Amino acid sequence: MNRAPRLHWISILLGLVVLMSVVSFHAYTAIRPEPVQHAGDRRELPERTLALAFHGGPDPKWTPRVLNVLKESGIKATFFVTGAQVTRNPEVTRRIAAEGHQIGIDGFRAEGDHTNPLNLAFAQAALADALGVHTRLTARRPQM
């Protein structure tokens, strides 16, 4: 017996395809990070100023040691964190923020595609989960 599919099954299938398309498109466009304006290659800093930036953490072994030294010296730094490490070490990320250091995004994984907006969006989501905030500070890697 060879029966043709009923019209309601075709309608349900077509509706699911349309719904999945709309949800996928919305997810891709909704999590795109806002563009960041860059000051240029050179920025004037006050005399006797040193800019410290750490990339790829937070590491549960080394980041607390670095934070201890910075605290003892009264120095503030910028930590460019990866989303995967933030997810693994939220308490270290919270300590970075609590001690007044700046936090930037270095992508979701250190070896990830830094031009992919989803990579940055996933990193922002990890930071928002750990700290409840987003950052506009992102590390740009040179194109090879």
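Points worth noting:
- Candidates 25, 54 - the one that is surrounded by fewer than 11 Cβ atoms within 10 Å (Cβ to Cβ), modelled with pLDDT of 65 or more and not polar (S, T, N, Q): 25
- Total residues in the range 73-91, condition over 12 Å from residue 129 (Cα atoms) and open to solvent by 30 Å² or more (accessible area, probe 1.4 Å): 5
- Selection from the range 102-124 of residues that are surrounded by fewer than 16 Cβ atoms within 10 Å (Cβ to Cβ) and at pLDDT 85 or above: 102
- Check on residue 69, buried (at least 18 other Cβ atoms within 10 Å of the Cβ) and modelled with pLDDT of 85 or more: no
- Residue satisfying condition, being of a type in the set (D, E, K, R) and modelled with pLDDT of 85 or more, within set 99, 34: 99
The values are calculated or read from the model by the stated rules, or taken from the named source; none is laboratory data. The model shown is predicted, which means the values in this text are computed figures rather than measured ones. Because the Cβ atoms are built from the backbone with ideal geometry, glycine has one as well, and the counts that use them run over all protein chains shown. Please note that ligands, DNA and RNA were not included when accessible areas were found on the heavy atoms of the full protein model with its side chains. Shrake-Rupley method; radii C 1.70, N 1.55, O 1.52, S 1.80 Å.
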